Structure formats: C-alpha cells, structure tokens
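Written below as structure tokens is the structure these notes are about.
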Amino acid sequence: MDFSLSPQEEAFRKELCDWLDKNGAELRKRRAALGPGGLGLGSLAPSPRMGPRASGGPGAPQGEPDAMQEFTRWWHRQLHDAGYVGIAWPKDYGGRGATLMEQAIFNEEMTKRRLPTGVGGLGVGWAGPTIIVHGTEEQKKRFLPRILSGEDVWCQAFSEPGAGSDLAGCQTRAVEDSDCYVVNGQKVWTTGGMGADWAILLAKTDFDHKTPVHRTFSYFLMDMHSPGVTVRPLREITGFAAFGETFLDNVRIPKDLMLGQKNNGWYISMNTLEFERSNSASSIQYLSTIESLIELAQKMRRNGQPLSKDPVTRQRIAQFYIEANVGKYMGMRALTRQLRGQTPGPESSVGSLLTMELGQRIEDFAMYLQGSYSQLMGGSKYAISNGAWQRAFLSSRGRTIMTGTSEIKRNVIAQRTLGLPRYTE
Amino acid sequence: MNFELDEEQVMLKSSARDFLQQACPKKLVRAMMEDEKGYSPELWKKIADLGWLGLTFPEEYGGVGSSFLDLVVLLEECGRALLPGPLLATVVLAGHPVLAAGTNEQREQFLPPISRGEMIVTLALLEASDSFEAADVRVTATQSGDGFVINGTKLFVPHAHVADYLLCVTRTKDSPNPEDGITLFLVDTRTNGVKIETLKTMTGERLCEVVFNGVSVPRSCLLGELDKGWPVVKRILIEAQVAESAWMTGGARWAMETSIDYAKTRIAFGRPIGSFQAIQHKLADVAVAVEGATSIVYYAAWTIMENQPDMALAAAMAKSWCGEAYKQATFAGVQIHGGIGYTWDHDMHLYLKRAKAGEVAFGDSDYHRERVAQMLGI
C-alpha cells in the first residue's frame with residue numbers, strides 16, 4: 001500500500017499546478033467580467049461553489065447566456081491546447097496518452113481550485129470512451145479529436161417516456177433501408193440535446209418477439225442536425241432547461257455510424273453507463289463543497305451564536321466530511337484496480353451509491369443552515385451567495401435519478417456485487 | 001499510488017482466517033463467555049507461536065518486525081472470528097507504548113515475554129467519569145522517597161483480572177494545562193494495594209474495576225517522562241481506535257456475508273428472500289458501510305505506518321464510521337434472519353453485542369465526529 005506519487009506523476013502534477021496558477025488568474029478575470037451568478041456556474045471563486053453539474057460532467061448546464069457559453073468554450077480551448085482534455089485517451093486520437101492516475105491528479109487539482117472543466121462533458125466522459133472501446137478505426141479518427149477539441153458537443157439518447165430505469169423497454173425503431181437505418185421514436189431527458197451536434201442513440205433493430213429483449217438493440221452515432229430530429233426543451237425543477245425531449249421522425253443514419261455489432265447495442269450502452277466520472281473525483285468535489293459549507297455555518301447565526309458552534313451542526317458537517325473521505329478512499333481502491341487493468345471490485349458500485357446520496361444530504365443541509373434566507377433565489381435582495389446554494393440544492397435532487405436511480409443502483413449492487421438472486425415471476 | 005494489500009498481507013489474512021476457523025470455533029467463543037479467565041491459554045500460546053503477539057515488535061525483542069498495517073490485517077480476521085482474549089490490549093495498548101516510550105530495560109522486560117505469550121499487559125486509563133480527556137485523569141501518583149504511591153480507581157480496564165501488568169495513567173501534578181502532569185506507570189498486578197474486580201458485560205469480554213489503595217511502585221516502573229505522559233496516551237488512543245476499527249470491520253463483514261448467504265437460501269412466498277428488494281436494498285446499504293469501513297481503516301492504518309500528520313484525523317474518521325457500520329451490519333443481520341436471528345443459538349447476537357462494545361471503545365461515533373470538527377477548525 002502506497003499513496004505517494006511516482007516521479008512521473010509528481011512531475012505531471014507540478015507542471016499542471018504551474019499551468020493552472022498561471023491560467024487560473026486569467027480565467028477568474030474573464031469570469032468576473034461576466035458579473036455575479038451566471039446562470040450555470042454557481043460561481044467560481046470566492047465562496048460558494050459549483051453545484052455538482054456545473055463542473056462539466058455529463059450533466060453540464062446548457063441554456064446558458066451566450067457570453068457564458070463563449071467563456072466556457074474559451075476555457076475549453078485553453079485546456080485542450082495544453083493537453084488537459086482526454087488525459088488518459090490514446091495519443092493517436094488526440095489524447096495525452098497518460099494514465100488514469102494522471103487523469104485523477106488533474107481532477108483533484110481542478111476541484112481543489114474550484115475550476116470548471118470545459119464543454120462537452122458527455123462527449124469526453126461517455127461517448128468518447130465508448131467509441132474508444134467499441135468504435136472502428138474510421139469512427140475513432142472521425143469523432144475522437146473533435147470531441148476533445150470541443151468542436152462537437154454530444155448528448156445521450158437512451159431513455160424514453162416509457163423506458164427509464166427499465167431501459168429494455170425502449171421502443172424507438174431503426175429499420176434498414178439500403179445504406180441507412182431509418183429511425184422513428186421519441187427519446188427523453190436528453191441532457192444538452194438542444195445544443196448538441198451528435199448523440200449516442202439506443203434503438204431497436206430486431207423485432208422478432210422470440211428474440212431475448214437484450215439482443216434486440218443497436219447502438220448508433222446520430223447527427224443531431226439530420227432532417228427529422230427535433231429537440232424540445234424541458235423545464236426542470238431548477239427552472240432552467242438543461243435537457244429536452246427528442247423526436248425522431250424518419251431520421252436516416254448511415255450504416256457505418258452503427259457502433260459495434262448489430263443487436264449488440266444493449267451491452268454497449270451498459271458499458272457507457274459505467275463510464276461515469278470516478279467516485280474519487282466526486283468525493284473530492286464534495287470535500288471542496290464541505291469547505292464552503294463550513295464557511296456558511298460560521299457566517300450564519302442562530303440563538304446569538306454562529307451555527308458552527310451548535311453541536312448538531314458540528315456533528316452533521318463532520319459526518320459529511322467523514323463520508324466524503326470514505327468515498328474518496330473507496331474511489332482510490334477502485335482506481336488501483338483500474339490502473340492494474342482489473343475488473344471493478346465491489347467498492348466501485350458501492351462508492352457511487354454513497355457519493356450520490358451524500359451530495360443530496362450536503363445540499364439539503366446547506367439550505368437548513370440558511371433558515372428563512374434559504375427561500376431567497378439568485379437576484380433577490382438578501383440572497384446568500386446569489387442563490388447558488390438554492391440552485392445546487394434543487395439540481396441535487398436529480399443526482400439519485402440521472403445515470404440510474406439509487407434504487408436501480410441498489411438492485412445492481414445486490415444482484416451483481418453481492419450475488420443475490422433476481423426476482424422473477 | 002497503490003491502495004491494495006500486498007501479497008504477504010493477503011497471505012497473512014488468509015492463513016489467519018484458516019487458522020482461526022479451526023482453532024477458534026464459535027463453541028470456544030461461547031465457552032469463553034462463561035469462563036472465568038475469558039480466554040484460552042492454549043490458544044494464546046498457539047497465536048504466540050504463530051508470531052502474532054510480537055508481530056509489530058522488532059526482531060531483537062522476539063518480534064517479527066512487521067508494520068502496523070500488517071497488524072490491522074490480522075486484527076480484521078481476529079474480529080471476524082471473535083477471538084476472545086487480551087490481544088489488542090497487550091499488543092496495542094501496552095506493547096506499542098513500551099516499545100515507543102520505554103527504556104531498553106523496559107523493552108527487554110516486557111516485549112520478549114509478550115511475544116512468547118508469557119505476559120499479559122493492559123491499559124488502565126478510564127475512570128468513573130468515562131472520559132478520554134486529560135483533565136479527567138484523577139488517579140494520583142505522589143512521590144514518596146525513591147518511588148511513587150498510586151491512589152484511586154480505574155474503570156473499564158480490559159482483561160485486568162488476567163493481566164500481569166497494568167499500564168496505569170496517573171496524575172502526578174496539578175497544572176493549568178491538564179495535559180501537563182500526566183505520568184504512566186507499569187504496575188505489577190501482584191503489588192500490595194491493587195484490587196481487581198471483574199464486571200459482568202454484555203459480550204462476556206472482561207472489563208474490570210481496578211482500585212489502587214496506596215500502591216507503592218519504584219521509579220523504574222515509570223514509562224516515559226515524569227509529567228509528560230499525555231502524548232504517549234494520545235498515540236495509544238490513535239492506534240487503539242484504528243485497531244478496534246479493524247476488529248469491527250472483520251466482524252461487520254462476517255455479519256454481511258452470513259446475511260447474504262441466508263438471504264440466498266431462505267425461501268418465503270415461494271422464492272429466496274434475497275430476491276426481494278426490501279432485503280436487497282438493506283444489504284446494498286450494508287455493503288456501503290462495510291466496504292467503506294475497509295477503505296477508511298486501511299487508509300488510517302497506512303497513516304500510522306507512515307507516521308503521516310493526518311493520522312489522528314484518519315483514526316477519528318475510521319472509528320466514527322466503523323462504530324456505525326458494525327451496528328448497521330449486525331442489526332440488519334438479525335432482521336434478515338428473522339426469528340432465528342433473535343435466538344441465543346444463532347451466532348449473530350455474538351456479533352451484535354461485540355458491535356455495541358466496539359462502538360464505545362476508545363470513543364463513540366459522536367465523540368469522534370466532534371473531534372473531526374475540531375481538527376477541521378470549525
């Protein structure tokens with residue numbers, strides 16, 4: 001057991017820190033010029049922090065004002081030019097060719113400094129890694145460099161109105177027609193769909209009722225600018241529209257944009273869902289949120305003293321801190337296995353369940369600390385941190401739904417990790 | 001970065017599990033609950049021969065020279081087997097401070113016989129106040145001629161009734177800083193004026209009241225420096241918190257695995273109960289608790305092994321987490337087993353009771369959360 005870095009990793013960290021110190025200043029300057037409390041980023045520095053979605057993960061905010069989008073694109077270019085996008089991706093496709101450990105170091109340093117990642121979190125986080133594993137050489141050459149550069153923004157079109165947790169209930173059909181598949185159906189919860197250039201799509205390609213359902217889907221790379229694709233924004237609990245519903249009306253997808261084998265799409269989509277950001281990254285993010293929570297507890301007063309002196313508050317914050325660290329070390333155990341090319345152990349699925357629920361508890365507690373002030377939204381007189389906590393609280397309610405509900409996660413842990421039997425009629 | 005046990009640690013773990021399965025069956029554990037000594041001297045000799053008692057002592061003192069992390073790996077298995085006896089007390093609460101703070105003579109006097117299984121030592125720290133604060137150390141040692149005279153009552157002293165020596169934490173000076181004026185003595189339990197009475201506990205593990213009534217000890221019994229013993233106590237507590245956490249993790253894992261096995265085979269409503277989501281989700285939550293415990297305990301053990309500055313914080317986090325995790329695993333264990341889990345015959349209650357004992361040992365979860373808050377500067 002050894003938590004120290006190799007000389008190569010240490011050198012990477014040093015170079016990265018120097019670069020961030022140099023460029024972080026320019027970032028803050030440009031960000032400040034946009035005024036307080038942009039819609040998407042909670043705020044960068046000083047205090048409150050980016051909500052879970054603001055750091056450019058698969059759920060990066062959309063529907064931002066143009067200036068904010070331009071700012072994010074500018075920052076993405078800086079990161080990309082310095083080789084900090086796709087750190088563990090192969091060099092041949094525009095990546096840095098470094099290890100997952102260096103990717104983890106990058107995540108940690110960015111989070112410590114409360115810096116945002118760039119655009120296209122879903123492309124870098126989900127679509128790209130899936131293409132690396134399952135794509136043809138041609139598909140890799142075509143798509144991967146443009147994902148990294150931020151030229152192409154990706155979204156995911158898996159869920160349907162009648163198929164969420166039960167994804168095998170998907171009804172969208174793709175029928176062969178000469179050199180294309182013709183796709184009809186409706187997708188929903190398409191995060192970033194309105195601004196996306198490409199989608200990863202799951203659609204039915206076998207209509208024989210006798211075929212086992214998991215063998216009836218194929219996985220497509222779909223041009224969102226194709227005729228027949230319509231995206232309608234859906235307003236969320238936060239009041240903003242980060243996702244939409246996607247209507248597919250005789251959309252023609254060339255056959256060479258199928259990913260992997262025909263009727264093997266189900267298994268590839270399960271693979272995609274495993275490419276969530278590592279647990280350790282989100283735990284480190286929470287550690288940074290907890291710092292802000294402590295500042296908030298020191299600032300807010302009740303019964304004539306700062307809430308940070310209240311024993312119940314101290315217990316709660318300490319518990320969050322402990323849980324975030326437990327999540328962090330579970331993530332490091334998982335990372336050790338990944339670095340050795342081993343299959344994920346129990347700590348991997350279990351860790352993501354802990355951290356997704358922890359995020360909700362932290363955000364809810366931040367509201368509690370604010371008492372009546374917790375009602376005030378951004379833009380209001382007296383609002384704390386211009387409503388960043390309020391927005392983060394609301395969006396945190398989605399954390400146990402997106403990428404698999406916490407109930408589904410528990411089923412998966414019970415059945416795949418603990419080996420309990422499935423319920424069958 | 002590598003967060004995994006090495007090959008030798010994996011081997012130590014699996015050989016310890018095999019040995020304990022055979023040498024420490026539940027029949028023995030149950031017999032020891034009723035036994036006057038509370039441990040088996042034959043088994044004690046065997047684990048000494050395996051090198052467990054001197055695992056972390058240098059070879060020159062009859063030890064093996066292994067790391068604290070190695071010990072933690074071993075303690076997990078002891079906790080899983082519910083090994084009865086004063087292993088943690090003798091090695092961690094007494095052996096380690098003798099090694100760290102003792103003179104060469106003291107090391108020679110204590111460590112080789114401990115390694116050989118010929119000497120049992122325990123720590124007498126708590127008093128009726130049940131407090132881990134220096135200010136609450138009220139047992140006094142006053143200078144008298146060349147030596148000291150100890151007076152007062154220690155409580156919840158583990159295994160004192162079978163101990164050859166007590167490492168007794170005393171107050172030797174009143175001072176505005178309560179951490180100043182604490183002194184440790186290695187007291188022979190046969191000394192005049194030492195009266196030991198065992199208390200009846202839920203687990204059957206022996207906790208004792210130790211009364212010191214004008215107990216004269218020579219100056220050579222003093223461990224470390226006069227009045228400057230508190231840092232030694234703090235280090236003992238950090239190690240004890242992690243050692244106890246490891247012990248608890250082993251038991252929690254047993255409770256989880258046993259419940260999973262039962263849920264797979266117990267049929268109700270025509271199907272295994274493990275196929276019901278009510279059971280699956282409960283066990284998934286237990287898995288979070290147990291995998292989390294393993295992760296934070298190994299990390300905390302590593303900080304001690306490497307003398308990292310965050311060892312006190314890591315130990316507090318581990319103890320706080322494990323205090324909850326072991327309870328959660330055994331409470332779920334009883335519930336999932338239903339009626340049979342509530343019986344004396346099933347082993348689950350042995351673990352549930354051990355979880356309650358472990359919860360309060362070396363500070364409960366609330367206590368450690370408050371310490372975490374303090375260390376974070378809140």
Verdict on residue A:359 being in contact with a Lys or Arg (Cβ under 7 Å, 6 or more places away or on another chain), at pLDDT below 95 and of a type outside the set (Ser, Thr, Tyr): yes
Filter the stretch B:276-292 down to the residues that are more than 8 Å from chain A (Cβ to nearest Cβ) and touching a residue at least 12 places away in the same chain (Cβ under 8 Å), then identify the one that is surrounded by the most Cβ atoms within 10 Å (Cβ to Cβ). B:286
Residue B:324 passes all but one of the listed conditions (1) more than 27 Å from residue A:414 (Cβ to Cβ); (2) surrounded by fewer than 24 Cβ atoms within 10 Å (Cβ to Cβ); (3) within 11 Å of chain A (Cβ to nearest Cβ); (4) touching a Ser or Thr at 6+ places or on another chain (Cβ under 6 Å); the exception is number (1)
Could you go through the stretch A:279-293 and let me know if any residue there is facing chain B (nearest Cβ under 8 Å) and either at negative phi or among the polar types (S, T, N, Q) (or both). no
By residue number, the members of the stretch B:6-49 that are surrounded by 18 or more Cβ atoms within 10 Å (Cβ to Cβ), of a type outside the set (Val, Ile, Thr) and more than 25 Å from residue B:349 (Cα to Cα) are B:9, B:12, B:48
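For the stretch A:352-370, what are the residues that are away from chain B (no Cβ under 14 Å), in a helix (DSSP H, G or I), under 17 Å from residue A:300 (Cα atoms) and not charged (D, E, K, R)? I'd like the intermediate steps shown before the answer.
Within the stretch A:352-370, the subset away from chain B (no Cβ under 14 Å) is A:359-360, A:362-364, A:366-368, A:370.
Still in the list and also in a helix (DSSP H, G or I): A:359-360, A:362-364, A:366-368.
In the following step, the residues that additionally are under 17 Å from residue A:300 (Cα atoms) were identified as A:362-364, A:366-368.
Selection gives A:362, A:366, A:367, A:368.
State all residues of the stretch A:226-255 that are more than 30 Å from residue A:397 (Cβ to Cβ) and touching an Asp or Glu at 6+ places or on another chain (Cβ under 7 Å); if no residue qualifies, say none. Give the derivation first.
Residues of the stretch A:226-255 that are more than 30 Å from residue A:397 (Cβ to Cβ), as a first pass: A:226-228, A:249-255.
A:228, A:254, A:255 - these are the residues of the stretch A:226-255 that are more than 30 Å from residue A:397 (Cβ to Cβ) and touching an Asp or Glu at 6+ places or on another chain (Cβ under 7 Å).
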So how many residues does the stretch A:70-91 have that are in contact (Cβ under 8 Å) with a residue 24 or more places away in the chain and not in a loop (DSSP other than H, G, I, E, B)? 10
Among the residues of the stretch B:255-270, which ones are more than 7 Å from every other protein chain (Cβ to nearest Cβ), over 17 Å from residue B:324 (Cα atoms) and either touching a residue at least 24 places away in the same chain (Cβ under 8 Å) or not in a helix (DSSP H, G or I) (or both)? B:258, B:259, B:262, B:266, B:267, B:268, B:269, B:270
Being in a helix (DSSP H, G or I), closer than 26 Å to residue A:239 by Cα and of a type in the set (Ser, Thr, Tyr) is the requirement here; does residue A:373 meet it? yes
Across the stretch B:3-40, what is the number of residues that are closer than 17 Å to residue B:51 by Cα, part of a helix (DSSP H, G or I) and not basic (Lys, Arg)? 12
Suppose we filter the stretch B:189-236 for residues that are of a type in the set (D, E, K, R) and over 30 Å from residue B:357 (Cβ atoms); how many remain? 4
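Please tell me if residue B:84 is over 20 Å from residue B:295 (Cα atoms) and either free of Cβ contacts under 8 Å to residues at least 40 places away in the same chain or assigned by TED's automatic domain parsing to the domain that holds residue B:202 (or both). If you could, list the steps in order and put the result at the bottom.
Values: over 20 Å from residue B:295 (Cα atoms): yes; either free of Cβ contacts under 8 Å to residues at least 40 places away in the same chain or assigned by TED's automatic domain parsing to the domain that holds residue B:202 (or both): no.
So residue B:84 fails the test.
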For residue B:346, are the conditions met, namely being surrounded by fewer than 22 Cβ atoms within 10 Å (Cβ to Cβ) and within 14 Å of residue B:255 (Cα to Cα)? yes
Read through the list (1) surrounded by fewer than 16 Cβ atoms within 10 Å (Cβ to Cβ); (2) in a loop (DSSP other than H, G, I, E, B); (3) in contact with a strand residue (DSSP E or B) (Cβ under 6 Å, 6 or more places away or on another chain), then give the number of the only condition that residue B:129 fails. (3)
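Given the residues A:127, A:98, which is the only one that is of a type outside the set (Phe, Trp, Tyr), part of a loop (DSSP other than H, G, I, E, B) and not assigned by TED's automatic domain parsing to the domain that holds residue A:241? Full working, then the answer.
Numbers: A:127 fails: part of a loop (DSSP other than H, G, I, E, B).
Residue meeting the stated conditions: A:98.
Which one is farthest from the other protein chains (Cβ to nearest Cβ), of the residues in the stretch B:1-20 that are under 20 Å from residue A:332 (Cβ atoms) and acidic (Asp, Glu)?
Applying the first criterion (under 20 Å from residue A:332 (Cβ atoms)) to the stretch B:1-20 yields B:1-7, B:9-10, B:13.
Imposing the further condition that a residue be acidic (Asp, Glu) reduces the set to B:4, B:6-7.
Details: B:4: 5, B:6: 7, B:7: 12 Å.
Taking the candidates together, the pick is B:7.
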Look at the stretch A:300-340 and say how many of its residues are more than 7 Å from every other protein chain (Cβ to nearest Cβ), free of Cβ contacts under 8 Å to residues at least 60 places away in the same chain and part of a helix (DSSP H, G or I). 13
Residue A:330, sole failed condition from (1) in contact with an Asp or Glu (Cβ under 9 Å, 6 or more places away or on another chain); (2) farther than 30 Å from residue B:6 by Cβ: (2)
Within the stretch A:162-182, work out how many residues are loosely packed, with under 13 Cβ neighbours inside 10 Å and farther than 22 Å from residue A:412 by Cα. 4
A careful count of residues in the stretch A:377-422 that are part of a loop (DSSP other than H, G, I, E, B), in contact with a Ser or Thr (Cβ under 9 Å, 6 or more places away or on another chain) and within 14 Å of chain B (Cβ to nearest Cβ) gives 6
Please specify each residue of the stretch B:291-345 satisfying the condition of being under 30 Å from residue B:275 (Cβ atoms) and not in a helix (DSSP H, G or I). B:343, B:344, B:345
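Condition first: in a helix (DSSP H, G or I), more than 12 Å from the chain's Cα centre (by Cα) and within 14 Å of chain A (Cβ to nearest Cβ). Now tell me which residues in the stretch B:65-101 satisfy that. Quick ask: steps written out before the conclusion?
First, the residues of the stretch B:65-101 that are in a helix (DSSP H, G or I): B:68-81, B:87-101.
Filter once more, keeping what is more than 12 Å from the chain's Cα centre (by Cα): B:68-70, B:73-74, B:77, B:80-81, B:95-101.
Selection gives B:68, B:69, B:70, B:73.
The values are calculated or read from the model by the stated rules, or taken from the named source; none is laboratory data. Every value quoted in this text rests on a predicted model; they were computed, and no experiment measured them. Positions of Cβ are backbone-derived with ideal geometry, glycine not excepted, and every protein chain shown enters the neighbour counts.
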